[in-house]
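A.B. asks: Let me begin by handing over the structure; questions about it come next.
The values are calculated or read from the model by the stated rules, or taken from the named source; none is laboratory data. Please read these numbers as outputs of a predicted model, since none were measured by experiment. Heads up, the Cβs are rebuilt from the backbone with ideal geometry, glycines too, and the neighbour counts pull from every protein chain shown.
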Amino acid sequence: MRRRSPSNKPKRACGEHPRTRRAISFNQLVVEVLRLTRPNLPDPWVQLSDELANTHARNCRRYAQVHFARYPAVIEFAPQVLWLPRKYRLGLIAHELGHILAPGKSEAEADRAALRFLRVHITYDKRNFPGKGLQVGRRIR
Ligand SMILES: [Zn+2]
């Protein structure tokens, strides 16, 4: 039997994170983005990124990013996002839209913008994800 010292907290490797049994489609992801976007923002461009797929494989928290290459912005996702349970997707999407609503501002400002304009409260799951944890979104009324 293997033993673990108390200071050696068990860490999950990439790929062992909470996953749905079946991935959603890319179209479903786009619909989820647009549902949250409207009517607060012009529709962003949404795409999957091979580069982010590789980055995600090294850093489990890296699922999405925004860049402002086209109006109002491009949201890029690692394809692994399609396997995430919905609460994480909601948190990630709301957080990235928060960056578009509060461009150039901090991570905390993006979360605040998500709460204020999209009515999504974002917390971080540190139990299943390293470091700062992964966004968990909850819609509020
Ligand atoms: Zn961010």
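A.B. asks: Looking at the range 43-59 only, could you name the residues that are within 16 Å of the ligand (Cβ to nearest atom), part of a loop (DSSP other than H, G, I, E, B) and touching a helix residue (DSSP H, G or I) at 6+ places or on another chain (Cβ under 9 Å)?
C.D. replies: Once the filter is applied, which keeps residues that are within 16 Å of the ligand (Cβ to nearest atom), part of a loop (DSSP other than H, G, I, E, B) and touching a helix residue (DSSP H, G or I) at 6+ places or on another chain (Cβ under 9 Å), the range 43-59 yields 44, 49.
A.B. asks: Here's another thing I want to ask about it. Is there any pair linking a residue in the range 127-141 that is more than 13 Å from residue 85 (Cα to Cα) to one that is surrounded by 11 or more Cβ atoms within 10 Å (Cβ to Cβ) and of a type in the set (Asp, Glu), with Cβ under 8 Å and at least six apart or on different chains, and which?
C.D. replies: Listed pairs, sorted by first residue: 133/125.
A.B. asks: Of all residues in the range 1-42, which are assigned to a helix (DSSP H, G or I) and either of a type outside the set (Lys, Arg) or at pLDDT below 95 (or both)?
C.D. replies: 26, 27, 28, 29, 30, 31, 32, 33, 34, 36, 37
A.B. asks: For the range 70-85, check the following and say yes or no: at least one residue is part of a helix (DSSP H, G or I) and within 16 Å of the ligand (Cβ to nearest atom).
C.D. replies: There is at least one residue in the range 70-85 that is part of a helix (DSSP H, G or I) and within 16 Å of the ligand (Cβ to nearest atom).
A.B. asks: List the number of the failed condition for residue 97; all other conditions in (1) farther than 18 Å from residue 121 by Cα; (2) within 11 Å of the ligand (Cβ to nearest atom) hold.
C.D. replies: With respect to (1) farther than 18 Å from residue 121 by Cα; (2) within 11 Å of the ligand (Cβ to nearest atom), residue 97 is out only on (1).
A.B. asks: Here's something else I'd like to know. For the range 106-125, how many residues are under 18 Å from residue 40 (Cα atoms) and not in a helix (DSSP H, G or I)?
C.D. replies: 4
A.B. asks: Follow-up. Pull out all pairs, ordered by first then second residue, where Cβ-Cβ is under 8 Å, the residues are six or more apart or on different chains, the first lies in the range 94-110 and is under 15 Å from residue 138 (Cα atoms), and the second is more than 9 Å from the ligand (Cβ to nearest atom) and among the polar types (S, T, N, Q).
C.D. replies: 97/37; 97/40
A.B. asks: Could you please tell me which pairs satisfy a Cβ distance under 6 Å, a separation of 6+ or placement on different chains, a first residue in the range 43-64 that is more than 18 Å from residue 19 (Cβ to Cβ), and a second residue that is in a strand (DSSP E or B)?
C.D. replies: Listed by first residue and then by second, the contacts come to 44/75; 45/74; 46/75; 47/76; 49/76.
A.B. asks: If you don't mind, there's one more thing I want to ask. Condition first: surrounded by fewer than 16 Cβ atoms within 10 Å (Cβ to Cβ) and either without any contact (Cβ under 8 Å) to a residue 24 or more places away in the chain or in contact with a Cys (Cβ under 9 Å, 6 or more places away or on another chain) (or both). Now tell me which residues in the range 29-42 satisfy that.
C.D. replies: 31, 34, 35, 38, 39 - these are the residues of the range 29-42 that are surrounded by fewer than 16 Cβ atoms within 10 Å (Cβ to Cβ) and either without any contact (Cβ under 8 Å) to a residue 24 or more places away in the chain or in contact with a Cys (Cβ under 9 Å, 6 or more places away or on another chain) (or both).
A.B. asks: Let me ask something additional. Here are 115, 90: which of them is surrounded by fewer than 22 Cβ atoms within 10 Å (Cβ to Cβ), touching a helix residue (DSSP H, G or I) at 6+ places or on another chain (Cβ under 9 Å), hydrophobic (A, V, I, L, M, F, W, C) and touching a residue at least 24 places away in the same chain (Cβ under 8 Å)?
C.D. replies: On the way: 90 fails: surrounded by fewer than 22 Cβ atoms within 10 Å (Cβ to Cβ).
Sole residue among the options that is surrounded by fewer than 22 Cβ atoms within 10 Å (Cβ to Cβ), touching a helix residue (DSSP H, G or I) at 6+ places or on another chain (Cβ under 9 Å), hydrophobic (A, V, I, L, M, F, W, C) and touching a residue at least 24 places away in the same chain (Cβ under 8 Å): 115.
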